[in-house]
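Notes follow once the structure below has been shown.
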Amino acid sequence: MSIDPLNPHLELLAAQLHSEGLSKQPGQAGSNFEKVLDDVAIARKTLANSKQSLASLAHLSQMQMLRSLFVDEEDGGDDLFTSVQPLGEFSLLQAPNSQYVDKYYRAQQPAVGVSKLPGRQDIDNIIGQIAEKVSLAPELIHSVVATESAYQADAVSPVGAQGLMQLMPETAKELGVTDSFDVHDNLLGGSRYLKQLLDKYDGDLDHALAAYNWGQGNVDRHGLGKMPLETRNYLAKVKALLKTQKL
């Protein structure tokens, strides 16, 4: 409930004027009081108009915000909100208000599904750090990465291998890699796995690379003589890159 602070004063003033006989008549002093009374009445009306204007502005602002959220202006489609038109002095508020709402709405919303992939220089720096950490030649890690994914951090093979060094989910889990698409984690996990294979096969690169591509179990059961063509080509490519350093 709203209370008009001018109303009781207005009624009291009118009663006093009437009781004292100060009605508005030409040449009488009461006319001055009547003018004051009229001015007060005008002020009261102005205040009421201002309140109504503010209410109208608030309503139009709400409708404009809803319109900016639900109506695609670029499509030009008709919608319930397109029929809402600003009136008179509020017409200038429409565009600025829409831009204000859109600006702050976008600023508060994180981008969904969008991530910045690292550049080649970033990958090279990480490989250099990891090579020193796991005691591997950085050239070997580069050769495997180039062969496995061509340096694509978001690569996924038809069988589900992920990331730069194409880790299978189960292998990644065993290596402690929680996110195979994280460049550092993938490179660290893959490099540690390659180092483990080299240690297992006493530094024999062919056995280590074959196990990395074909699986340790297959290499142990069948040996290199029964490698599939895919694994033979894999070894040839990695070793060629390692020899020529055309990375």
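Quick one: residue 196 ticks every box in (1) out of contact with any strand residue (DSSP E or B) (no Cβ under 8 Å at 6 or more places or on another chain); (2) assigned to a loop (DSSP other than H, G, I, E, B) bar one, so which box is it? Status for residue 196: all satisfied but (2). Among the residues of segment 165-177, those identified as of a type outside the set (Val, Ile, Thr) and either open to solvent by less than 10 Å² (accessible area, probe 1.4 Å) or touching a Leu at 6+ places or on another chain (Cβ under 8 Å) (or both) are 165, 167, 172, 175. Among the residues of segment 135-164, what is the count of those that are surrounded by fewer than 18 Cβ atoms within 10 Å (Cβ to Cβ) and part of a helix (DSSP H, G or I)? Residues that pass the stated criteria total 3. Suppose we keep only residues that are over 27 Å from the mean Cα position of the chain (by Cα) and among the acidic types (Asp, Glu) within segment 159-192. Which one would you say is farthest from residue 130 (Cα to Cα)? Ranking the candidates gives 170 first.
If you scan segment 183-241, which residues turn out to be on the phi > 0 side of the Ramachandran plot and open to solvent by 40 Å² or more (accessible area, probe 1.4 Å)? Lay out the reasoning, then the answer.
So the first thing to find is which residues in segment 183-241 are on the phi > 0 side of the Ramachandran plot, and the list is 202-203, 215, 223.
Of everything in segment 183-241, those that are on the phi > 0 side of the Ramachandran plot and open to solvent by 40 Å² or more (accessible area, probe 1.4 Å) turn out to be 202, 203.
Being acidic (Asp, Glu), farther than 22 Å from residue 127 by Cβ and either in contact with a helix residue (DSSP H, G or I) (Cβ under 9 Å, 6 or more places away or on another chain) or modelled with pLDDT of 95 or more (or both) is true of residue 220.
All of (1) more than 19 Å from residue 231 (Cβ to Cβ); (2) of a type outside the set (A, V, I, L, M, F, W, C); (3) in contact (Cβ under 8 Å) with a residue 40 or more places away in the chain hold for residue 147 with one exception: (1). Scanning segment 215-237 for residues that are farther than 14 Å from residue 204 by Cβ and of a type in the set (A, V, I, L, M, F, W, C) turns up 229, 236.
The values are calculated or read from the model by the stated rules, or taken from the named source; none is laboratory data. Bear in mind the structure is a predicted one, so any value in this text is a computation, not a measurement. For neighbour counting, all protein chains shown are included, and Cβ atoms are generated from backbone atoms with ideal geometry for every residue, glycine included. Remember, those area values only see protein heavy atoms, side chains included, never the ligands or the DNA or RNA. Shrake-Rupley method; radii C 1.70, N 1.55, O 1.52, S 1.80 Å.
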